[in-house]
Structures are given as C-alpha cells and as structure tokens.
1. Could you please find all residues in region 264-292 being under 20 Å from the mean Cα position of the chain (by Cα) and in a helix (DSSP H, G or I)?
2. Within region 81-112, count every residue that is over 16 Å from residue 2 (Cα atoms) and either among the small types (Gly, Ala, Ser) or within 16 Å of ligand 1 (Cβ to nearest atom) (or both).
3. Please work out which residue is surrounded by the fewest Cβ atoms within 10 Å (Cβ to Cβ), limiting yourself to region 91-107 and to residues that are under 16 Å from residue 40 (Cα atoms) and among the hydrophobic types (A, V, I, L, M, F, W, C).
4. When you look at residue 249, is it under 30 Å from residue 122 (Cα atoms), more than 16 Å from ligand 3 (Cβ to nearest atom) and part of a strand (DSSP E or B), yes or no?
5. So, in region 74-105, of the ones that are in a strand (DSSP E or B) and in contact with a helix residue (DSSP H, G or I) (Cβ under 7 Å, 6 or more places away or on another chain), which residue ends up farthest from ligand 3 (Cβ to nearest atom)?
6. Residue 49 versus (1) within 17 Å of residue 32 (Cα to Cα); (2) crowded, with 19+ Cβ neighbours inside 10 Å; (3) away from ligand 2 (no atom under 14 Å from the Cβ); (4) acidic (Asp, Glu): which is the lone unmet condition?
7. Restricting attention to region 113-124, does a residue exist that is within 16 Å of ligand 1 (Cβ to nearest atom) and either on the phi < 0 side of the Ramachandran plot or free of Cβ contacts under 8 Å to residues at least 40 places away in the same chain (or both)?
8. Which ones in region 303-327 are among the polar types (S, T, N, Q), outside any helix (DSSP H, G or I) and out of contact with any Ser or Thr (no Cβ under 8 Å at 6 or more places or on another chain)?
Amino acid sequence: MRVLERLAALYAIGGGPGANRPHGSPAEDEAFELAAGWMREAGLSVDVDPDGNLVGRSGVRADVWTGSHLDTVPQGGRFDGALGVVAGIEAVEGVGAGSVVVFRGEEVGCVGSRAFSARGGSLPSAFLELHVEQGPVLEQAGAPLGLVTGIVGYARGELVLEGRAGHAGTTPMTLRDDALVAAAGEILRVREAGSAIDGCVATVGKVEVEPGGVNVIPSRVRLSLDVRAPDSARLDALIETIGFEPTQRVEPVRLEGAARTALRDAIAERGLDVVELSSGAGHDAGILAAAGVDAAMLFVRSRNGGISHSPDELSSDEDVALATDVLEAALRRLVG
Ligand code: GLV
Ligand code: MN
Ligand code: MN
C-alpha cells in the first residue's frame with residue numbers, strides 16, 4: 001500500500017532509533033521536500049507559505065483542507081503527524097478535490113499552524129486531520145476508528161531553580177545549596193498538581209543542569225513544563241497551582257461542525273460504530289478550530305496499549321487503510 005511505503009520513506013529520514021525530524025532540522029526540511037514531490041505527482045500545485053507550511057492544492061474546492069505535520073519529537077513514532085500527511089495526499093488525489101497541508105513544528109507548540117492562523121491569511125473553509133489516537137481508548141473499545149469531540153488545552157513554560165556551585169568533595173552536606181535537589185522537590189510538586197485537578201496532566205520532560213560537572217554541586221536548573229486541561233478554567237487553576245508564566249498557551253476547543261458530521265457519516269456508512277473521544281494531545285486541527293475553521297479529527301486505533309512519542313508507536317496496516325478510506329469519503333462529502 002502506497003501510504004505504508006511513504007510512511008516508511010519518512011521514517012528513514014534522520015536516522016534511528018525511531019523517527020527523528022525535530023522542527024527546524026534538515027530532516028524536517030527533507031520530509032517536506034519528499035511530501036512536496038508526492039503532491040506534485042498527485043497533480044497538485046504546491047506552495048510554501050511565509051511560515052514554511054506546505055500546501056498542495058487541487059483545482060477543485062481548494063478551500064477544503066486536510067493534512068497534519070511532519071516534524072517529530074526526538075525518537076518519535078512512525079505515524080504521529082506523518083499519517084495525516086500521506087493519507088491526506090491520498091485522499092485529495094482520490095477525490096480530485098480539496099487541498100493538503102503540512103504544518104511546520106507541531107511538536108514544539110504548533111508553530112506553523114499558529115503562525116498561519118495569526119497571519120490572518122485566507123483560512124480554509126474546513127479542515128480534516130487524520131491522526132493516530134496516541135492512547136488506549138480505541139484499542140480497549142475494540143474500535144479501529146474514533147471521532148474526536150474536542151482537544152485539550154495546554155500551556156508550556158519553565159521553572160528555574162537557583163543554588164550555589166561548589167566542590168562535590170569538600171562541601172559538607174549541611175552547607176549546600178543544591179539547585180538540583182530543590183528541582184527534585186519541584187518535579188514531585190508538579191506531579192501532585194497534575195494529579196489533584198480532575199482531567200489534568202502535568203509533565204517535566206526536560207531538565208537542564210548547570211554547570212553540569214559530575215563533581216560540581218548544581219548552581220542552576222531549568223525544568224520544562226507541559227500542563228494540560230480539558231477546559232480553560234482548569235488550565236488556569238493548574239498554572240496557578242504550579243506557579244509559572246506560560247510562554248505558550250493553546251486553549252481547549254470543541255470540534256462540532258459540518259466537518260465532524262462528514263467524518264461521522266463516513267464512519268457510519270461503513271457499518272462501524274461511531275466511537276467518540278476527546279484528545280489529550282495537541283493538534284494543528286485545534287489551532288485552526290480556535291481560529292474559527294470548521295475543523296474535525298479522525299483517530300485511528302493505536303496498538304501497544306496506545307504508546308506514542310516512542311518508536312513503539314503502532315497502528316495496523318488494516319486500520320491505516322480503513323482510516324485513509326474514511327478520510328477520503330469525508331473529504332468527498334465536504335467538497336460535494
Ligand atoms: C503533540 O504531540 C503534543 O504534545 O500534544
Ligand atoms: Mn501529532
Ligand atoms: Mn506528537
């Protein structure tokens with residue numbers, strides 16, 4: 001199947017283990033070039049917008065978009081983002097209408113879709129994004145596909161702990177001001193804050209220790225923060241409990257327009273149950289929905305317990321084929 005071959009070609013870029021195409025890297029550029037070539041092969045006219053996003057337009061109803069992103073987290077999975085792009089090209093080619101978009105830098109805060117929306121350029125009339133679920137809900141429900149009802153909101157920022165550098169051998173334990181020991185307490189506090197508010201999560205994913213010598217007491221530590229909530233009030237509460245100034249904030253959105261109906265009908269007409277679920281991951285569809293676009297998302301079942309942002313991320317060939325088919329059918333409904 002061509003979608004699987006293309007996923008393999010993207011996965012090979014950047015070297016392993018896993019997918020390594022971080023935003024701003026030559027690997028992200030190489031993936032964009034590959035996708036641009038596939039768009040041209042599909043007969044689409046290809047443009048790069050001022051923010052580096054790639055759009056392949058057919059000659060019919062080019063205002064209806066599908067797509068996703070091609071950047072990855074370090075050592076990411078084969079499907080995250082890439083599936084929505086290769087299936088999107090397939091759908092636009094199959095229907096002979098619509099456009100496919102590849103946004104830059106989704107993993108680092110949806111920088112491409114946010115810049116595009118903020119620029120006030122001409123927004124699509126509808127946007128469909130196919131994505132792996134990245135969680136266990138569909139696997140547990142025994143359902144290959146899911147219809148997304150809403151996308152979590154998130155905020156990112158950092159906590160900085162200051163201490164005093166000193167000699168690891170000669171400074172008595174009682175006289176230390178160790179920034180990393182203080183940071184350890186903060187990491188536990190972040191976990192407690194995420195656990196204390198229903199439906200929320202909070203993660204420290206990066207720790208930078210200065211000066212970073214094995215025999216030096218740490219003088220400064222930066223902790224990255226990624227906190228998420230199903231609604232704005234809970235996001236506010238989480239930020240306040242942890243006590244940080246977000247450098248990025250994306251509001252939660254509901255997905256409930258005609259695009260979602262098109263996906264629902266496309267799922268139902270195949271005799272499948274319409275399983276609804278919300279997304280704990282951020283997506284470009286959420287950014288477009290917040291900008292007023294009629295956006296909708298189709299999830300495909302993740303195997304291996306739903307693991308994602310990992311080389312173990314897996315969806316079956318059959319589910320990928322089914323999802324691509326449903327995406328195409330929904331696009332056909334929207335452009336008709
Ligand atoms: C994007 O994958 C995210 O962090 O939700
Ligand atoms: Mn993604
Ligand atoms: Mn991701």
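Here, each number is a calculation from the coordinates, and none is a lab measurement. A quick note: this is a predicted structure, and the numbers were derived from the prediction, not measured. As a convention, Cβ positions derive from the backbone with ideal geometry for all residues, glycine included, and neighbour counts pool all protein chains shown.
1. 284, 285, 286, 287, 288, 289, 290
2. Residues that pass the stated criteria total 16.
3. Per the criteria, the residue is 97.
4. yes
5. Among those residues, the one meeting the criterion is 99.
6. With respect to (1) within 17 Å of residue 32 (Cα to Cα); (2) crowded, with 19+ Cβ neighbours inside 10 Å; (3) away from ligand 2 (no atom under 14 Å from the Cβ); (4) acidic (Asp, Glu), residue 49 is out only on (2).
7. Taking every residue of region 113-124 in turn, at least one turns out to be within 16 Å of ligand 1 (Cβ to nearest atom) and either on the phi < 0 side of the Ramachandran plot or free of Cβ contacts under 8 Å to residues at least 40 places away in the same chain (or both).
8. Kept after step one, since they are among the polar types (S, T, N, Q), are these residues of region 303-327: 304, 308, 310, 315-316, 324.
From what is left, the residues that are outside any helix (DSSP H, G or I) are 308, 310, 315-316.
Correct list: 310, 316.
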